[in-house]
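Quick note: the coordinates plus some simple rules give every number you see, no bench work behind them. The structure presented is a predicted model; accordingly, all values stated were derived computationally and were not measured.
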């Protein structure tokens, strides 16, 4: 569990830096996240 937590932390910091440098990317990241979560939810509901 510690390794996955560390990985999530590293990814979060990297994405945070990217968003600070390129704020418009945040819209794409949120859009992609919502689409992926929605598709996963629909697949699990079937």
- Query: How far is helix 2-21 tilted off the main Cα axis of the chain, in degrees rounded to 10, range 0 to 90?
  - Reply: 70 degrees
- Task: Treating each Cα of the chain as an identical point scatterer and ignoring solvent, apply the Debye formula and state log10 I(q)/I(0) at q = 0.13, 0.14, 0.17, 0.26 Å⁻¹.
- Result: -0.43, -0.50, -0.67, -0.88
- To the nearest 10 degrees, how steeply does helix 25-45 sit against the main Cα axis of the chain, on a 0 to 90 scale? 30 degrees
